[in-house]
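The values are calculated or read from the model by the stated rules, or taken from the named source; none is laboratory data. Remember, it's a predicted structure, so these values are computed and weren't measured experimentally. As a convention, Cβ positions derive from the backbone with ideal geometry for all residues, glycine included, and neighbour counts pool all protein chains shown.
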Amino acid sequence: MAGNLYVVAAPSGAGKTTLVRLLLEREPAVRLSISWTTRGPRPGEENGREYHFTAVDEFKAMISRQEFLEWAEVHGNYYGTSKKWIADRLAEGADVLLEIDWQGAQQVRAEFPGAIGVFILPPSMEELTRRLTGRGTDAPEVIARRLAAAQAEMRHVGEFDYVIVNDRLEQALDDLCAVVRASRLALPAQRARHAELFARLV
């Protein structure tokens, strides 16, 4: 494949969504994969921008046609990543980023072994607790469940290629950009992107 596939995962509250948004602003050549979902659009959301919204029957038909790279049912709604869309973008030479959990990352690696995994860690459990509490949107029991889930998720950090500790946002963003830029310079990526040049010079 000519493009790179980045898989970014993190526990809730580690700052993954913010880092990905800022990365896409800095690196406009990176394409964010838009998931398919059966949940309804929220106010302000547009079909094809935040998600591809579809009916449950159609989603299940897509599952049966093996069109998803990974999919899951979360809180009664289905979410999935289009296998063909990613393969087409990579073949075009585009870099694609997936913002998913560690389970989705395992499914992605099975299909795309060359995917580059990045795991975002909080600087401490105390800081993670402060961030989740500071949102002011969840009840204490919900925060407790999120923290327990976060500890379970962080045990999978060893399955990823790069680890970024999001202590200071600007430094974490620089680190994430460094991963993207360095991976583009790896020999296989450069050989695929500049095939004609390699043929002439090498």
Exercise. Among the residues of the stretch 136-172, how many are farther than 29 Å from Q107 by Cβ and of a type in the set (D, E, K, R)?
Worked result: 4
Seminar exercise, completed: Counted residues in the stretch 82-91 being in contact with a Gly (Cβ under 7 Å, 6 or more places away or on another chain) and either surrounded by fewer than 20 Cβ atoms within 10 Å (Cβ to Cβ) or under 14 Å from T37 (Cβ atoms) (or both) come to 1
Problem set entry | Scan of the stretch 67-86 for residues that are small (G, A, S) and modelled with pLDDT of 90 or more, ordered by number | G80, S82
Problem set entry | R131 vs. criteria surrounded by 14 or more Cβ atoms within 10 Å (Cβ to Cβ) and not β-branched (V, I, T) | yes
Problem set entry | Filter result (touching a helix residue (DSSP H, G or I) at 6+ places or on another chain (Cβ under 8 Å) and farther than 17 Å from L5 by Cα) within the stretch 154-166 | H156, I164, V165, N166
For this session: Determine if the stretch 33-44 includes at least one residue that is within 19 Å of G80 (Cα to Cα), without any contact (Cβ under 8 Å) to a residue 40 or more places away in the chain and exposed (fewer than 13 other Cβ atoms within 10 Å of the Cβ).
Result: yes
Exercise. So which of A61, A55 ends up being of a type in the set (A, V, I, L, M, F, W, C), within 22 Å of E111 (Cβ to Cβ) and at pLDDT 95 or above?
Worked result: A61
